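Below: one structure, written as C-alpha cells.
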Amino acid sequence: MLVLLLALLVMMAAFLQSLAGFGFAVIIMPLFTLALGLRTAAPTVALIALTVYCINVLRFRRSLNVRAVVRLGGAAALGVPVGVWLLGNVDEALVTRGLGGVLIAFALYNLFRPTARRRPSPLWIYPAGFLAGCLGGAYNTPGPPAIVYGSLRRWPRDEFRAAMQTLFLISGALVVASHLVAGHLTDRVWRYYLCALPGLALGILAASRVDRRLGGKEFRTLVTVMILVLGLSLALGL
C-alpha cells in the first residue's frame, strides 16, 4: 500500500512538473520524508527528480534558448560560492521564509493585476541567475529567481520549461553525484526509485496529453499558482 501511494504521489508531481516546468521536489519531498525518513527520502527524490528533468529536457530540447540558459547558468555559477558562504553565516529559516514571502506576494500580484505590463530588461537574467546560484549553493533551491524572471519576461511556455529543466538537470546531477559519493544510494533507495518509475511515466504521459489543450493564458495562470504553492511551502517551512 505504501509503495502504491508513493507511486501515485510521484505521478501527480511528475504531471505538474511536466506542465508547469517546476515544483516536483516541493510536492513530494515532505510526504516522502514522512513515509521513508529523510535519509532514504532525500536520495530517492533526487534520483526520481533527475529522471524527470532528463526526460523533460529531451521533450523540450527544440525550444531551448541556449543563449539565455548559458547566461543564467554562468551567473548562477558565480553565485554558488556565495551561497556556500551564506550556508554557514545566515539563518536558513530566515532566508527561506523571506523568499517564500516574496514569491507569495509576486504570485498574488500576478493573479489579481491585469497581465498587460512592461517586461523587465533582459539584463535582469544576470542577477536572477546569480541569486539562483546563491540559493542553490546554500539551500539547494535554485529555482525561484529563475522562475520569477522567466515569468516576468513571459517566455513562451516550451522555452520556459526547457530553461527550467536544464537548470534543474545541472543542479540535480550534482545532488545525485553528492549522494553517490556519500554512499546514500542504498539498495532500499534503488527499490523505491524503481517502484516510482511507472507513476513517473504515467504522470509525464498525462501531462503531454493535457498540454495539447492548454493555452498560453492558462499556462501562465498555472505557473503563477505553482509559484504561490512554492512560496507557501518555503514560508511555512514544509
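The values are calculated or read from the model by the stated rules, or taken from the named source; none is laboratory data. Note that the structure is predicted; figures quoted are calculated from it, not measured. Because the Cβ atoms are built from the backbone with ideal geometry, glycine has one as well, and the counts that use them run over all protein chains shown.
Surrounded by 20 or more Cβ atoms within 10 Å (Cβ to Cβ), more than 14 Å from GLY199 (Cα to Cα) and not β-branched (Val, Ile, Thr) - does that describe any residue in the stretch 5-19? Yes: the stretch 5-19 contains one or more residues that are surrounded by 20 or more Cβ atoms within 10 Å (Cβ to Cβ), more than 14 Å from GLY199 (Cα to Cα) and not β-branched (Val, Ile, Thr). Of the residues GLY183, GLY150, GLY129, GLY133, the single one that is free of Cβ contacts under 8 Å to residues at least 12 places away in the same chain and over 17 Å from ILE48 (Cβ atoms) is GLY183. Here THR33 does not qualify as over 27 Å from THR221 (Cα atoms), among the hydroxyl-bearing types (Ser, Thr, Tyr) and touching a Phe, Trp or Tyr at 6+ places or on another chain (Cβ under 8 Å).
Does ALA75 fit the bill of being hydrophobic (A, V, I, L, M, F, W, C), surrounded by 18 or more Cβ atoms within 10 Å (Cβ to Cβ) and more than 30 Å from LEU197 (Cβ to Cβ)? It would help to see each step written out before you state the result.
Values: hydrophobic (A, V, I, L, M, F, W, C): yes; surrounded by 18 or more Cβ atoms within 10 Å (Cβ to Cβ): yes; more than 30 Å from LEU197 (Cβ to Cβ): yes.
Criteria met by ALA75.
Could you tell me how many of the residues in the stretch 103-119 are modelled with pLDDT of 75 or more, part of a helix (DSSP H, G or I) and either exposed (fewer than 12 other Cβ atoms within 10 Å of the Cβ) or of a type in the set (Lys, Arg) (or both)?
Here is the first cut: in the stretch 103-119, the residues modelled with pLDDT of 75 or more are 103-105, 107-108, 119.
Next, only the ones that are part of a helix (DSSP H, G or I) stay: 103-105, 107-108.
Those still in the list that are either exposed (fewer than 12 other Cβ atoms within 10 Å of the Cβ) or of a type in the set (Lys, Arg) (or both) too: none.
The qualifying residues number 0.
Among the residues here, ALA235 qualifies as crowded, with 16+ Cβ neighbours inside 10 Å, in contact with a helix residue (DSSP H, G or I) (Cβ under 8 Å, 6 or more places away or on another chain) and small (Gly, Ala, Ser). When residues in the stretch 187-208 are screened for being more than 26 Å from ARG157 (Cβ to Cβ) and in contact with a Phe, Trp or Tyr (Cβ under 9 Å, 6 or more places away or on another chain), 1 of them pass.
Restricting attention to the stretch 60-72, does a residue exist that is polar (S, T, N, Q), surrounded by fewer than 19 Cβ atoms within 10 Å (Cβ to Cβ) and part of a helix (DSSP H, G or I)? Within the stretch 60-72, one or more residues are polar (S, T, N, Q), surrounded by fewer than 19 Cβ atoms within 10 Å (Cβ to Cβ) and part of a helix (DSSP H, G or I).
Can you find a residue in the stretch 195-205 that is surrounded by 15 or more Cβ atoms within 10 Å (Cβ to Cβ) and either of a type in the set (Ser, Thr, Tyr) or modelled with pLDDT under 85 (or both)? No; the residues of the stretch 195-205 include none that is surrounded by 15 or more Cβ atoms within 10 Å (Cβ to Cβ) and either of a type in the set (Ser, Thr, Tyr) or modelled with pLDDT under 85 (or both).
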